[in-house]
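Scroll down for the structure; my scribbles are underneath it.
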Amino acid sequence: MDLFQKQKPFSVQECIDLSGFLNQFFFALLQHLGTADAFAKYASVRRLLLQLYDLDSRHAFCPRDHWILVSSSSSSEALIKKHPLLRFLFNHGQSAASSAPSQQLAASFLAQVRQGDAIPLQILQTMPHTISFRTRLAIFRDWIHMDKQHAASAAPVACIVPIRRASLLHDGLRAMRQLSTTAWKGTVRIAFVNQLGVDEAGIDQGGPFKDFVTLLVNEVLHPKLGLFVETKDTHLLYPSSASNVAHPNHLELFELIGKVVGKAVYEGILLDCQFARFFLAKLLGRNVFLEALKELDEDVWKNLIFLKHYEGDATDLGLTFAMDEIVFGKVISKELKYRGQHLSVTNSNKLEYVYLVADHKLNQQARDQTDAFIQGFRSIISSSWLRIFTPTELQWIISGEDLDFDVPDLRRNTQYQNGYFDQHPIIKMLWSIVEGFSSDDKRAFLKFITGCPKPPLGGAEYFSPPFTIRLVQEKTGRLPSSSTCFNLLKLPAFTKKAVLRDKLRYGTRQKRGKKRKKKTKTRPCFIPFITQPLFIFSDPRQCGL
(Lines give C-alpha, C1' and ligand atoms only; values in the text may rest on other atoms or scores of the structure.)
Protein backbone atom coordinates (compact mmCIF):
# COMPACT_ATOMS: atom_id res chain seq x y z
CA MET A 1 0.00 0.00 0.00
CA ASP A 2 1.12 3.56 -0.73
CA LEU A 3 0.90 4.52 2.94
CA PHE A 4 3.49 1.93 3.99
CA GLN A 5 5.61 1.76 0.85
CA LYS A 6 5.68 5.39 -0.27
CA GLN A 7 4.51 7.16 2.92
CA LYS A 8 1.70 8.81 0.89
CA PRO A 9 -0.56 10.73 1.36
CA PHE A 10 0.62 10.66 5.01
CA SER A 11 3.59 9.16 6.74
CA VAL A 12 3.04 6.33 9.20
CA GLN A 13 4.03 8.57 12.11
CA GLU A 14 1.51 11.21 11.01
CA CYS A 15 -1.20 8.53 10.99
CA ILE A 16 -0.19 7.45 14.49
CA ASP A 17 -0.36 11.02 15.78
CA LEU A 18 -3.64 11.75 14.00
CA SER A 19 -5.30 8.57 15.21
CA GLY A 20 -4.17 9.19 18.79
CA PHE A 21 -5.64 12.69 18.78
CA LEU A 22 -8.92 11.64 17.14
CA ASN A 23 -9.27 8.71 19.54
CA GLN A 24 -9.01 10.94 22.62
CA PHE A 25 -10.99 13.80 21.07
CA PHE A 26 -14.01 11.72 20.10
CA PHE A 27 -13.90 9.78 23.37
CA ALA A 28 -14.19 13.03 25.33
CA LEU A 29 -16.66 14.51 22.85
CA LEU A 30 -19.12 11.64 23.33
CA GLN A 31 -19.73 12.76 26.88
CA HIS A 32 -21.13 16.11 25.73
CA LEU A 33 -23.23 15.06 22.72
CA GLY A 34 -26.74 14.90 24.06
CA THR A 35 -28.74 14.48 20.84
CA ALA A 36 -28.56 12.44 17.67
CA ASP A 37 -28.34 15.68 15.64
CA ALA A 38 -25.27 16.78 17.57
CA PHE A 39 -23.70 13.36 17.06
CA ALA A 40 -24.35 13.51 13.30
CA LYS A 41 -22.24 16.67 13.02
CA TYR A 42 -19.16 14.66 13.94
CA ALA A 43 -19.95 11.54 11.89
CA SER A 44 -17.07 12.24 9.50
CA VAL A 45 -14.65 12.44 12.45
CA ARG A 46 -15.75 9.04 13.68
CA ARG A 47 -15.63 7.58 10.18
CA LEU A 48 -12.00 8.70 9.73
CA LEU A 49 -11.13 7.39 13.18
CA LEU A 50 -12.62 3.96 12.46
CA GLN A 51 -10.90 3.80 9.07
CA LEU A 52 -7.54 4.36 10.77
CA TYR A 53 -8.39 1.77 13.41
CA ASP A 54 -9.45 -0.77 10.78
CA LEU A 55 -6.24 -0.15 8.84
CA ASP A 56 -4.18 -0.73 11.98
CA SER A 57 -6.08 -3.94 12.72
CA ARG A 58 -5.14 -5.28 9.26
CA HIS A 59 -1.62 -3.79 9.02
CA ALA A 60 -0.42 -3.04 12.53
CA PHE A 61 1.50 0.24 12.58
CA CYS A 62 0.47 1.78 15.91
CA PRO A 63 2.22 1.05 19.23
CA ARG A 64 0.80 -1.63 21.52
CA ASP A 65 -2.34 -0.48 23.41
CA HIS A 66 -2.37 2.70 21.32
CA TRP A 67 -6.18 2.63 21.11
CA ILE A 68 -7.01 1.46 24.64
CA LEU A 69 -8.30 4.17 26.97
CA VAL A 70 -10.15 1.96 29.47
CA SER A 71 -8.15 -0.96 30.84
CA SER A 72 -7.75 -2.95 34.03
CA SER A 73 -4.08 -2.03 34.43
CA SER A 74 -4.46 1.66 35.22
CA SER A 75 -6.42 3.91 37.57
CA SER A 76 -8.55 6.82 36.44
CA GLU A 77 -5.99 9.28 37.85
CA ALA A 78 -3.17 7.71 35.81
CA LEU A 79 -5.20 7.78 32.62
CA ILE A 80 -6.32 11.39 33.11
CA LYS A 81 -2.70 12.40 33.65
CA LYS A 82 -1.73 10.70 30.38
CA HIS A 83 -4.81 11.86 28.45
CA PRO A 84 -6.19 15.13 29.93
CA LEU A 85 -9.14 15.12 27.53
CA LEU A 86 -10.57 12.14 29.39
CA ARG A 87 -11.16 13.93 32.68
CA PHE A 88 -14.79 14.51 31.67
CA LEU A 89 -15.66 10.80 31.90
CA PHE A 90 -14.42 10.57 35.45
CA ASN A 91 -15.97 13.86 36.48
CA HIS A 92 -19.22 12.32 35.26
CA GLY A 93 -18.58 9.29 37.49
CA GLN A 94 -17.20 11.41 40.31
CA SER A 95 -18.97 9.62 43.14
CA ALA A 96 -17.34 6.31 42.26
CA ALA A 97 -13.94 7.87 41.67
CA SER A 98 -13.93 9.88 44.86
CA SER A 99 -14.93 6.92 47.03
CA ALA A 100 -12.15 4.75 45.60
CA PRO A 101 -9.41 6.94 44.08
CA SER A 102 -7.20 3.94 43.34
CA GLN A 103 -10.00 1.90 41.81
CA GLN A 104 -9.06 0.22 38.56
CA LEU A 105 -10.49 2.01 35.59
CA ALA A 106 -11.99 -1.06 33.92
CA ALA A 107 -13.85 -2.02 37.10
CA SER A 108 -15.25 1.50 37.40
CA PHE A 109 -16.37 1.52 33.76
CA LEU A 110 -17.92 -1.94 34.10
CA ALA A 111 -19.85 -0.87 37.19
CA GLN A 112 -21.26 2.14 35.33
CA VAL A 113 -22.34 -0.05 32.40
CA ARG A 114 -24.08 -2.47 34.77
CA GLN A 115 -25.94 0.46 36.30
CA GLY A 116 -27.18 1.45 32.85
CA ASP A 117 -25.24 4.73 32.72
CA ALA A 118 -25.87 6.31 29.31
CA ILE A 119 -22.37 7.68 28.66
CA PRO A 120 -20.37 4.44 29.16
CA LEU A 121 -22.99 2.59 27.11
CA GLN A 122 -22.62 5.16 24.32
CA ILE A 123 -18.83 4.78 24.40
CA LEU A 124 -19.22 1.00 24.33
CA GLN A 125 -21.44 1.06 21.25
CA THR A 126 -19.62 3.86 19.42
CA MET A 127 -15.95 3.35 20.33
CA PRO A 128 -15.59 -0.18 21.70
CA HIS A 129 -11.94 -0.30 20.60
CA THR A 130 -11.05 2.15 23.42
CA ILE A 131 -12.10 -0.41 26.04
CA SER A 132 -9.90 -3.38 26.84
CA PHE A 133 -11.02 -6.73 25.47
CA ARG A 134 -11.28 -8.25 28.97
CA THR A 135 -13.69 -5.51 30.05
CA ARG A 136 -15.83 -5.90 26.94
CA LEU A 137 -15.80 -9.68 27.42
CA ALA A 138 -17.10 -9.24 30.98
CA ILE A 139 -19.88 -6.98 29.67
CA PHE A 140 -20.71 -9.50 26.94
CA ARG A 141 -20.99 -12.28 29.52
CA ASP A 142 -23.23 -10.03 31.64
CA TRP A 143 -25.59 -9.55 28.69
CA ILE A 144 -25.73 -13.30 28.06
CA HIS A 145 -26.36 -13.99 31.76
CA MET A 146 -29.30 -11.56 31.82
CA ASP A 147 -30.66 -13.06 28.60
CA LYS A 148 -30.40 -16.55 30.10
CA GLN A 149 -32.43 -15.44 33.10
CA HIS A 150 -35.14 -14.17 30.78
CA ALA A 151 -35.00 -17.40 28.73
CA ALA A 152 -35.26 -19.51 31.88
CA SER A 153 -38.48 -17.76 32.86
CA ALA A 154 -39.88 -18.21 29.34
CA ALA A 155 -38.87 -21.89 29.06
CA PRO A 156 -38.35 -23.27 32.59
CA VAL A 157 -38.49 -26.94 31.50
CA ALA A 158 -35.49 -28.47 29.71
CA CYS A 159 -35.79 -30.09 26.30
CA ILE A 160 -34.49 -33.66 26.30
CA VAL A 161 -33.08 -34.74 22.95
CA PRO A 162 -32.12 -38.39 22.29
CA ILE A 163 -29.13 -38.74 19.96
CA ARG A 164 -27.74 -41.99 18.55
CA ARG A 165 -23.96 -41.80 18.71
CA ALA A 166 -23.71 -43.81 15.49
CA SER A 167 -25.88 -41.20 13.72
CA LEU A 168 -24.86 -38.06 15.58
CA LEU A 169 -24.80 -35.79 12.53
CA HIS A 170 -28.10 -36.99 11.10
CA ASP A 171 -29.97 -37.10 14.42
CA GLY A 172 -28.43 -33.87 15.67
CA LEU A 173 -29.36 -31.72 12.70
CA ARG A 174 -32.80 -33.26 12.47
CA ALA A 175 -33.48 -32.76 16.17
CA MET A 176 -32.13 -29.25 16.64
CA ARG A 177 -34.03 -28.14 13.54
CA GLN A 178 -37.32 -28.40 15.44
CA LEU A 179 -36.39 -26.16 18.38
CA SER A 180 -37.97 -22.73 18.70
CA THR A 181 -35.76 -19.69 19.38
CA THR A 182 -36.93 -19.70 23.01
CA ALA A 183 -35.98 -23.36 23.37
CA TRP A 184 -32.56 -22.73 21.78
CA LYS A 185 -31.80 -20.22 24.52
CA GLY A 186 -33.17 -22.48 27.22
CA THR A 187 -31.71 -25.67 28.62
CA VAL A 188 -31.20 -28.50 26.14
CA ARG A 189 -30.30 -31.92 27.56
CA ILE A 190 -28.75 -34.65 25.45
CA ALA A 191 -29.59 -38.32 26.03
CA PHE A 192 -27.05 -40.37 24.08
CA VAL A 193 -28.13 -43.77 22.74
CA ASN A 194 -25.40 -46.35 22.18
CA GLN A 195 -24.99 -48.74 19.23
CA LEU A 196 -27.24 -51.30 20.90
CA GLY A 197 -30.08 -48.79 21.10
CA VAL A 198 -29.76 -48.45 24.89
CA ASP A 199 -29.73 -45.08 26.65
CA GLU A 200 -26.33 -44.28 28.14
CA ALA A 201 -26.32 -43.95 31.91
CA GLY A 202 -26.16 -40.57 33.54
CA ILE A 203 -27.97 -37.25 33.49
CA ASP A 204 -26.85 -34.41 31.27
CA GLN A 205 -25.78 -31.52 33.50
CA GLY A 206 -24.03 -29.74 30.63
CA GLY A 207 -21.28 -32.22 29.79
CA PRO A 208 -23.01 -34.40 27.16
CA PHE A 209 -24.48 -31.30 25.51
CA LYS A 210 -20.97 -29.83 25.23
CA ASP A 211 -19.74 -33.09 23.73
CA PHE A 212 -22.66 -33.19 21.30
CA VAL A 213 -22.14 -29.60 20.10
CA THR A 214 -18.39 -30.09 19.71
CA LEU A 215 -18.75 -33.30 17.70
CA LEU A 216 -21.60 -31.92 15.60
CA VAL A 217 -19.70 -28.76 14.65
CA ASN A 218 -16.59 -30.78 13.77
CA GLU A 219 -18.71 -32.83 11.37
CA VAL A 220 -20.72 -30.06 9.69
CA LEU A 221 -17.68 -27.82 9.15
CA HIS A 222 -15.62 -30.56 7.52
CA PRO A 223 -15.07 -29.69 3.84
CA LYS A 224 -16.07 -33.23 2.80
CA LEU A 225 -19.66 -32.32 3.62
CA GLY A 226 -19.65 -29.64 0.95
CA LEU A 227 -21.04 -26.85 3.13
CA PHE A 228 -17.77 -25.12 4.02
CA VAL A 229 -14.45 -24.80 2.23
CA GLU A 230 -10.99 -23.75 3.42
CA THR A 231 -8.68 -20.97 2.31
CA LYS A 232 -5.77 -22.27 0.27
CA ASP A 233 -2.80 -21.86 2.61
CA THR A 234 -4.24 -21.03 6.03
CA HIS A 235 -7.13 -23.56 6.03
CA LEU A 236 -9.63 -21.05 7.42
CA LEU A 237 -13.30 -21.90 6.96
CA TYR A 238 -15.99 -20.01 5.04
CA PRO A 239 -19.27 -21.01 3.31
CA SER A 240 -19.02 -22.84 0.00
CA SER A 241 -20.69 -21.16 -2.96
CA ALA A 242 -21.41 -24.63 -4.41
CA SER A 243 -23.18 -26.00 -1.32
CA ASN A 244 -26.47 -26.32 -3.20
CA VAL A 245 -25.01 -29.06 -5.44
CA ALA A 246 -24.92 -31.67 -2.67
CA HIS A 247 -27.62 -30.15 -0.46
CA PRO A 248 -30.84 -28.82 -2.02
CA ASN A 249 -31.83 -27.59 1.46
CA HIS A 250 -28.42 -25.96 1.99
CA LEU A 251 -29.75 -22.58 3.20
CA GLU A 252 -31.76 -24.26 5.93
CA LEU A 253 -28.63 -26.15 6.93
CA PHE A 254 -26.56 -22.96 7.07
CA GLU A 255 -29.11 -21.25 9.29
CA LEU A 256 -29.11 -24.28 11.58
CA ILE A 257 -25.30 -24.40 11.73
CA GLY A 258 -25.29 -20.68 12.58
CA LYS A 259 -27.62 -21.42 15.48
CA VAL A 260 -25.42 -24.27 16.72
CA VAL A 261 -22.28 -22.09 16.68
CA GLY A 262 -24.26 -19.27 18.32
CA LYS A 263 -25.48 -21.67 21.02
CA ALA A 264 -21.88 -22.73 21.67
CA VAL A 265 -20.90 -19.09 22.19
CA TYR A 266 -24.01 -18.56 24.33
CA GLU A 267 -23.04 -21.45 26.61
CA GLY A 268 -19.31 -20.67 26.64
CA ILE A 269 -18.38 -23.87 24.75
CA LEU A 270 -15.11 -23.49 22.85
CA LEU A 271 -15.03 -24.97 19.35
CA ASP A 272 -11.89 -26.24 17.65
CA CYS A 273 -12.45 -24.39 14.37
CA GLN A 274 -10.99 -21.32 12.70
CA PHE A 275 -13.11 -19.10 10.44
CA ALA A 276 -11.80 -16.75 7.76
CA ARG A 277 -11.49 -13.15 8.93
CA PHE A 278 -13.64 -11.79 6.10
CA PHE A 279 -16.43 -14.20 7.10
CA LEU A 280 -16.18 -13.15 10.76
CA ALA A 281 -16.34 -9.50 9.68
CA LYS A 282 -19.68 -10.20 8.02
CA LEU A 283 -20.96 -11.80 11.23
CA LEU A 284 -20.19 -8.48 12.90
CA GLY A 285 -22.09 -6.56 10.22
CA ARG A 286 -18.98 -5.06 8.64
CA ASN A 287 -18.26 -4.54 4.96
CA VAL A 288 -15.28 -6.29 3.39
CA PHE A 289 -13.27 -4.82 0.53
CA LEU A 290 -10.31 -5.48 -1.71
CA GLU A 291 -7.76 -5.96 1.07
CA ALA A 292 -9.79 -8.87 2.51
CA LEU A 293 -9.47 -10.71 -0.81
CA LYS A 294 -5.83 -11.48 0.01
CA GLU A 295 -7.00 -13.97 2.63
CA LEU A 296 -9.48 -15.65 0.26
CA ASP A 297 -7.46 -15.79 -2.97
CA GLU A 298 -4.03 -14.20 -2.89
CA ASP A 299 -3.38 -14.80 -6.60
CA VAL A 300 -6.49 -12.88 -7.65
CA TRP A 301 -5.65 -10.16 -5.11
CA LYS A 302 -2.14 -9.76 -6.54
CA ASN A 303 -3.53 -9.52 -10.07
CA LEU A 304 -6.01 -6.83 -9.04
CA ILE A 305 -3.33 -4.84 -7.22
CA PHE A 306 -1.15 -5.09 -10.33
CA LEU A 307 -4.01 -3.81 -12.49
CA LYS A 308 -4.82 -1.01 -10.05
CA HIS A 309 -1.28 0.36 -10.25
CA TYR A 310 -0.65 -0.55 -13.90
CA GLU A 311 0.75 2.49 -15.72
CA GLY A 312 0.37 1.16 -19.25
CA ASP A 313 -2.75 0.82 -21.39
CA ALA A 314 -5.15 -1.55 -19.57
CA THR A 315 -6.76 -2.63 -22.83
CA ASP A 316 -3.50 -4.40 -23.71
CA LEU A 317 -4.29 -6.92 -20.93
CA GLY A 318 -7.35 -8.17 -22.82
CA LEU A 319 -9.69 -8.12 -19.82
CA THR A 320 -13.48 -7.82 -19.91
CA PHE A 321 -16.07 -7.36 -17.16
CA ALA A 322 -16.45 -11.11 -16.80
CA MET A 323 -14.50 -13.80 -15.02
CA ASP A 324 -14.16 -17.54 -15.45
CA GLU A 325 -14.68 -19.91 -12.54
CA ILE A 326 -14.06 -23.65 -12.30
CA VAL A 327 -16.99 -25.44 -10.66
CA PHE A 328 -16.63 -29.23 -10.35
CA GLY A 329 -14.24 -29.31 -13.29
CA LYS A 330 -16.34 -27.11 -15.58
CA VAL A 331 -15.39 -23.57 -16.61
CA ILE A 332 -18.28 -21.16 -16.07
CA SER A 333 -18.14 -17.53 -17.20
CA LYS A 334 -19.71 -14.98 -14.85
CA GLU A 335 -20.50 -11.44 -16.01
CA LEU A 336 -19.70 -8.75 -13.44
CA LYS A 337 -22.19 -6.30 -14.94
CA TYR A 338 -24.75 -6.25 -17.74
CA ARG A 339 -23.14 -7.33 -21.04
CA GLY A 340 -19.83 -7.42 -19.21
CA GLN A 341 -18.49 -10.07 -21.57
CA HIS A 342 -18.43 -7.44 -24.32
CA LEU A 343 -17.09 -4.55 -22.23
CA SER A 344 -13.31 -4.14 -22.17
CA VAL A 345 -11.37 -3.01 -19.11
CA THR A 346 -9.69 0.35 -19.78
CA ASN A 347 -7.70 2.83 -17.74
CA SER A 348 -10.89 4.80 -17.11
CA ASN A 349 -12.91 1.88 -15.72
CA LYS A 350 -10.25 -0.42 -14.25
CA LEU A 351 -10.98 0.67 -10.67
CA GLU A 352 -14.62 -0.32 -11.19
CA TYR A 353 -13.43 -3.69 -12.49
CA VAL A 354 -11.18 -4.18 -9.44
CA TYR A 355 -14.09 -3.35 -7.13
CA LEU A 356 -16.54 -5.67 -8.93
CA VAL A 357 -14.15 -8.64 -8.94
CA ALA A 358 -13.40 -8.23 -5.22
CA ASP A 359 -17.10 -7.75 -4.45
CA HIS A 360 -18.03 -10.85 -6.45
CA LYS A 361 -15.44 -13.06 -4.75
CA LEU A 362 -16.03 -11.76 -1.22
CA ASN A 363 -19.70 -10.82 -1.11
CA GLN A 364 -21.71 -12.23 -4.00
CA GLN A 365 -20.50 -15.80 -4.57
CA ALA A 366 -21.76 -17.21 -1.27
CA ARG A 367 -24.07 -14.39 -0.22
CA ASP A 368 -27.16 -16.55 0.39
CA GLN A 369 -25.18 -19.11 2.41
CA THR A 370 -23.52 -16.40 4.49
CA ASP A 371 -26.80 -14.57 5.12
CA ALA A 372 -28.46 -17.79 6.26
CA PHE A 373 -25.60 -18.57 8.68
CA ILE A 374 -25.70 -15.00 10.03
CA GLN A 375 -29.45 -15.17 10.51
CA GLY A 376 -29.12 -18.34 12.56
CA PHE A 377 -26.16 -17.06 14.59
CA ARG A 378 -27.84 -13.74 15.41
CA SER A 379 -31.02 -15.46 16.52
CA ILE A 380 -28.95 -16.63 19.50
CA ILE A 381 -26.33 -13.87 19.82
CA SER A 382 -27.73 -10.37 19.33
CA SER A 383 -26.05 -8.23 16.65
CA SER A 384 -25.78 -5.36 19.16
CA TRP A 385 -23.67 -7.61 21.41
CA LEU A 386 -21.38 -8.53 18.53
CA ARG A 387 -20.61 -4.98 17.43
CA ILE A 388 -18.30 -4.38 20.38
CA PHE A 389 -15.76 -6.91 19.04
CA THR A 390 -13.35 -7.16 16.12
CA PRO A 391 -13.21 -10.22 13.83
CA THR A 392 -10.11 -11.49 15.65
CA GLU A 393 -11.80 -11.09 19.04
CA LEU A 394 -14.91 -12.88 17.80
CA GLN A 395 -12.68 -15.81 16.77
CA TRP A 396 -11.25 -15.83 20.30
CA ILE A 397 -14.78 -16.01 21.72
CA ILE A 398 -15.65 -18.92 19.42
CA SER A 399 -12.48 -20.97 19.81
CA GLY A 400 -10.36 -19.38 22.54
CA GLU A 401 -7.29 -17.18 22.37
CA ASP A 402 -4.32 -18.65 20.53
CA LEU A 403 -2.22 -19.04 23.67
CA ASP A 404 -0.96 -21.90 25.80
CA PHE A 405 -2.81 -22.36 29.07
CA ASP A 406 -1.24 -21.09 32.28
CA VAL A 407 -0.31 -24.16 34.35
CA PRO A 408 -0.58 -22.51 37.82
CA ASP A 409 -3.97 -21.05 36.83
CA LEU A 410 -5.23 -24.44 35.65
CA ARG A 411 -3.97 -26.09 38.81
CA ARG A 412 -5.74 -23.52 41.03
CA ASN A 413 -9.03 -24.22 39.26
CA THR A 414 -8.82 -28.02 39.09
CA GLN A 415 -11.15 -30.28 41.05
CA TYR A 416 -10.18 -33.80 42.19
CA GLN A 417 -12.10 -37.04 42.70
CA ASN A 418 -11.70 -40.53 44.18
CA GLY A 419 -8.83 -39.68 46.51
CA TYR A 420 -6.70 -37.24 44.55
CA PHE A 421 -6.05 -33.77 45.99
CA ASP A 422 -3.75 -30.89 45.10
CA GLN A 423 -0.84 -32.01 47.31
CA HIS A 424 -1.12 -35.69 46.43
CA PRO A 425 2.35 -36.94 45.34
CA ILE A 426 1.08 -38.12 41.94
CA ILE A 427 -0.78 -34.84 41.32
CA LYS A 428 2.33 -32.83 42.24
CA MET A 429 4.31 -35.02 39.85
CA LEU A 430 1.67 -34.50 37.12
CA TRP A 431 1.79 -30.71 37.30
CA SER A 432 5.57 -30.80 37.29
CA ILE A 433 5.47 -32.83 34.06
CA VAL A 434 2.86 -30.57 32.44
CA GLU A 435 4.91 -27.49 33.38
CA GLY A 436 7.79 -28.90 31.33
CA PHE A 437 5.68 -29.72 28.28
CA SER A 438 6.34 -28.01 24.97
CA SER A 439 3.63 -25.78 23.48
CA ASP A 440 2.43 -28.60 21.22
CA ASP A 441 2.30 -31.06 24.11
CA LYS A 442 0.35 -28.61 26.28
CA ARG A 443 -2.21 -28.08 23.55
CA ALA A 444 -2.48 -31.83 22.94
CA PHE A 445 -2.94 -32.36 26.70
CA LEU A 446 -5.74 -29.80 26.90
CA LYS A 447 -7.47 -31.08 23.74
CA PHE A 448 -7.24 -34.64 25.06
CA ILE A 449 -9.21 -33.64 28.17
CA THR A 450 -11.51 -30.81 27.02
CA GLY A 451 -11.84 -31.31 23.26
CA CYS A 452 -10.24 -27.93 22.52
CA PRO A 453 -6.50 -27.09 22.52
CA LYS A 454 -7.09 -23.57 23.86
CA PRO A 455 -8.10 -22.47 27.35
CA PRO A 456 -11.30 -20.46 27.91
CA LEU A 457 -11.06 -16.69 27.79
CA GLY A 458 -10.38 -15.31 31.23
CA GLY A 459 -8.61 -18.42 32.48
CA ALA A 460 -9.34 -21.91 33.75
CA GLU A 461 -12.07 -20.75 36.13
CA TYR A 462 -14.35 -20.49 33.09
CA PHE A 463 -14.15 -24.20 32.24
CA SER A 464 -17.68 -25.59 32.25
CA PRO A 465 -17.89 -28.25 33.61
CA PRO A 466 -14.86 -27.58 35.85
CA PHE A 467 -11.53 -29.14 34.90
CA THR A 468 -11.33 -32.38 36.91
CA ILE A 469 -8.81 -35.17 37.59
CA ARG A 470 -10.12 -38.52 38.84
CA LEU A 471 -8.15 -41.41 40.33
CA VAL A 472 -8.84 -44.69 38.51
CA GLN A 473 -7.57 -48.19 39.18
CA GLU A 474 -4.32 -49.00 37.41
CA LYS A 475 -4.31 -52.00 35.15
CA THR A 476 -1.46 -53.50 33.16
CA GLY A 477 -0.79 -51.34 30.13
CA ARG A 478 -3.56 -48.87 30.97
CA LEU A 479 -3.17 -45.32 29.67
CA PRO A 480 -4.67 -42.11 31.02
CA SER A 481 -8.12 -41.57 29.50
CA SER A 482 -10.57 -38.69 29.38
CA SER A 483 -14.21 -37.66 29.07
CA THR A 484 -14.18 -34.45 27.07
CA CYS A 485 -17.85 -33.80 27.81
CA PHE A 486 -16.96 -33.43 31.51
CA ASN A 487 -13.45 -31.94 31.05
CA LEU A 488 -12.30 -34.98 33.00
CA LEU A 489 -8.88 -36.68 33.11
CA LYS A 490 -8.98 -40.27 34.37
CA LEU A 491 -5.51 -40.80 35.75
CA PRO A 492 -4.17 -44.12 37.08
CA ALA A 493 -1.80 -43.91 40.05
CA PHE A 494 1.52 -44.14 38.23
CA THR A 495 4.20 -43.91 40.90
CA LYS A 496 7.20 -43.23 38.67
CA LYS A 497 7.56 -39.83 37.01
CA ALA A 498 9.10 -41.22 33.82
CA VAL A 499 6.26 -43.74 33.44
CA LEU A 500 3.63 -41.05 34.05
CA ARG A 501 5.26 -38.72 31.50
CA ASP A 502 5.49 -41.42 28.83
CA LYS A 503 1.96 -42.71 29.42
CA LEU A 504 0.55 -39.17 29.36
CA ARG A 505 2.30 -38.23 26.14
CA TYR A 506 1.41 -41.50 24.46
CA GLY A 507 -2.24 -41.23 25.49
CA THR A 508 -2.66 -37.66 24.27
CA ARG A 509 -0.81 -38.28 21.01
CA GLN A 510 -2.79 -41.44 20.34
CA LYS A 511 -6.04 -39.48 20.55
CA ARG A 512 -4.59 -36.63 18.54
CA GLY A 513 -3.59 -39.11 15.85
CA LYS A 514 -7.24 -39.89 15.21
CA LYS A 515 -7.82 -36.36 13.94
CA ARG A 516 -9.07 -36.25 10.38
CA LYS A 517 -6.53 -35.86 7.61
CA LYS A 518 -6.88 -33.03 5.15
CA LYS A 519 -7.62 -34.07 1.60
CA THR A 520 -7.14 -31.99 -1.49
CA LYS A 521 -10.25 -33.40 -3.14
CA THR A 522 -13.37 -34.50 -1.34
CA ARG A 523 -16.76 -35.62 -2.48
CA PRO A 524 -19.60 -33.85 -0.68
CA CYS A 525 -21.88 -35.94 1.48
CA PHE A 526 -25.63 -35.49 1.33
CA ILE A 527 -27.63 -34.88 4.52
CA PRO A 528 -31.25 -35.96 4.12
CA PHE A 529 -33.74 -34.08 6.28
CA ILE A 530 -36.33 -36.43 7.71
CA THR A 531 -39.46 -34.73 8.89
CA GLN A 532 -40.56 -37.20 11.55
CA PRO A 533 -39.99 -35.79 15.06
CA LEU A 534 -37.17 -37.35 17.05
CA PHE A 535 -37.69 -35.65 20.42
CA ILE A 536 -38.79 -36.82 23.80
CA PHE A 537 -39.62 -33.65 25.75
CA SER A 538 -40.48 -33.01 29.35
CA ASP A 539 -43.06 -30.56 28.02
CA PRO A 540 -43.25 -30.19 24.22
CA ARG A 541 -44.93 -26.80 24.54
CA GLN A 542 -41.75 -25.41 26.07
CA CYS A 543 -39.82 -26.43 22.95
CA GLY A 544 -42.03 -24.71 20.44
CA LEU A 545 -43.72 -27.86 19.11
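So here's what we get for this one:
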quantity	calculated
log₁₀ of I(q)/I(0) at q = 0.11, 0.15, 0.25 Å⁻¹ - the stretch 185-254, Debye sum with one point per alpha carbon	-0.42, -0.69, -1.04
Convex hull volume of the stretch 134-230 per residue (C-alpha atoms, cubic angstrom)	130 Å³
Long-range amide H partners of Val161 with built H, under 5 Å	Arg189, Ile190, Ala191
Thr320 long-range amide H proximity, modeled H, under 5 Å	Val345
Rounded D (µm²/s) - the stretch 421-501, Kirkwood Rh over Cα pairs, Stokes-Einstein at 20 °C, 1.002 mPa s	161 µm²/s
FRET efficiency estimate (nearest 0.05) - Cβ-Cβ, Phe39 to Glu298, R0 30 angstrom	0.15
Whole-Hz couplings from phi, Karplus 6.51/-1.76/1.60, listed for the stretch 443-455; x for Gly and Pro	5, 5, 4, 5, 5, 4, 9, 10, x, 9, x, 10, x
Whole-Hz ³J(HN,Hα) from phi, Karplus 6.51 cos²θ - 1.76 cosθ + 1.60, for the stretch 399-408, glycine and proline x	10, x, 6, 7, 9, 6, 6, 8, 4, x
Solvent-accessible ranking of Trp396, Trp301, Trp431, largest area first, probe 1.4 Å	Trp396, Trp301, Trp431
Accessible area (Å², 1.4 Å probe, nearest 10) - Glu267	60 Å²
Solvent-accessible ranking of Met146, Met176, largest area first, probe 1.4 Å	Met146, Met176
Assigned charges on the beta-carbon of Lys, Arg, Asp, Glu; the stretch 113-246 dipole about Cα centre (debye)	140 debye
Accessible-area order (highest first, 1.4 angstrom probe) of the listed residues Phe109, Phe486	Phe486, Phe109
Glu393 - accessible surface, heavy atoms, 1.4 Å probe, Å² rounded to 10	20 Å²
Percent accessible area from carbon and sulfur atoms, the stretch 206-257, protein chains only, probe 1.4 Å	55 percent
Efficiency of FRET between Asp409 and Arg64 - r from beta-carbon atoms, R0 22 angstrom, step 0.05	0.45
Probe 1.4 Å, protein heavy atoms only - accessible area per residue of the stretch 109-171 in square angstrom	42 Å²
Arg114 paired with Leu50, simple spin-label distance in nm, labels 7 Å along Cα-to-beta-carbon	2.9 nm
Apportionment of accessible area to carbon and sulfur, the stretch 413-458, percent (1.4 Å)	49 percent
Largest to smallest principal axis extent of the C-alpha atoms in the stretch 271-427, angstrom	78, 35, 34
Shape box of the stretch 291-374 [Cα atoms, principal axes, largest first, Å]	42, 26, 23
Pairs of lysines in the stretch 337-446 (C-alpha under 17 Å apart; 8 or more residues apart or interchain)	4
Per-residue ³J(HN,Hα) for the stretch 496-502, Karplus 6.51 cos²θ - 1.76 cosθ + 1.60, θ = phi - 60°, Hz, x for Gly and Pro	9, 4, 5, 5, 4, 4, 5
Computed E for Leu3/Glu461 - FRET, C-beta separation, R0 51 angstrom, nearest 0.05	0.75
Accessible area expressed per residue, the stretch 290-365, with surrounding protein chains retained (probe 1.4 Å, Å²)	61 Å²
Charge dipole (the stretch 223-321, unit charges on Cβ, about Cα centre) - positive-most of Asn287, Gln274, Gly258	Gly258
Residue-level accessible surface for Glu325, protein heavy atoms, 1.4 Å, Å²	40 Å²
Translational diffusion coefficient (Stokes-Einstein; Kirkwood radius from C-alpha pairs) of the stretch 207-356 at 25 °C, 0.890 mPa s, in µm²/s	137 µm²/s
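The values are calculated or read from the model by the stated rules, or taken from the named source; none is laboratory data. The structure presented is a predicted model; accordingly, all values stated were derived computationally and were not measured. Don't worry about glycine lacking a Cβ; one is built from the backbone with ideal geometry, like all the others, and counts go over all protein chains shown. What goes into the accessible areas is simple: the full protein's heavy atoms, side chains included, and nothing from ligands, DNA or RNA. Shrake-Rupley method; radii C 1.70, N 1.55, O 1.52, S 1.80 Å.
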